[in-house]
Amino acid sequence: MSVKDLAQTIAARVGADPSESWTAKLLANPDKAAEKFGEEAVEAIIEATKGDKARLTSEAADVMYHLLVMCAAHGVTLNDIEAELANRTAQSGIAEKASR
């Protein structure tokens with residue numbers, strides 16, 4: 001599944017019954033979606049320090065899913081994120097960081 005496919009699946013769950021879909025449950029509770037993203041990010045960091053590629057891959061997939069759900073719960077789409085990334089390619093990462 002591509003990231004675009006994942007984002008489309010998440011978007012399709014907006015308004016779905018939270019008792020029937022984990023994604024819908026998170027979308028209905030933006031604070032919970034953010035909390036889950038944070039948990040998964042920490043788990044990915046832990047796995048990155050252990051050197052287990054398979055576990056890091058699994059946790060990275062969880063991070064990507066929960067990031068997209070959290071963003072969707074706040075009305076931010078993958079297209080919005082891609083547009084922001086495109087804007088940033090016009091300058092170096094160092095210059096972009098300095099502008100914040």
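Within a straight-line Cα-Cα reach of under 19 Å, LYS50 cannot be paired with any lysines, leaving aside sequence neighbours fewer than 8 residues apart in one chain.
Couplings 3J(HN,Hα) for region 50-65, derived from phi with the Karplus relation 6.51 cos²θ - 1.76 cosθ + 1.60 (θ = phi - 60°), are 8, x, 9, 4, 5, 5, 5, 4, 4, 5, 5, 5, 4, 4, 4, 4 Hz, where x marks Gly and Pro. Taking springs between alpha-carbon atoms closer than 10 angstrom, which of THR23, THR57, THR49 fluctuates most in the Gaussian network model of the chain? Of THR23, THR57, THR49, the Gaussian network model singles out THR49 as fluctuating most.
Within a straight-line Cα-Cα reach of under 17 Å, LYS25 can be paired with the following lysines, leaving aside sequence neighbours fewer than 8 residues apart in one chain: LYS36.
When only the Cβ of Lys, Arg, Asp and Glu is charged (+1, +1, -1, -1), the dipole of the chain relative to its Cα centre reaches about 220 debye.
When mean projected area of the Cα convex hull in nm² is calculated directly from the model, which label among (i) 5.9; (ii) 7.8; (iii) 9.6 fits? So the calculated entry is the one marked (ii). 3J(HN,Hα) couplings calculated from phi for region 35-48 with the Karplus curve 6.51 cos²θ - 1.76 cosθ + 1.60 (θ = phi - 60°) are, in sequence order, 4, 5, 4, x, 4, 5, 4, 5, 4, 5, 4, 4, 5, 5 Hz; Gly and Pro show x.
Where a number appears in this text, it was derived from the coordinates with a stated rule and is not lab data. Not measured: the values here are computed from a predicted model. All Cβ positions, even for glycine, are placed from backbone atoms using ideal geometry, and neighbour counts span all protein chains on display.
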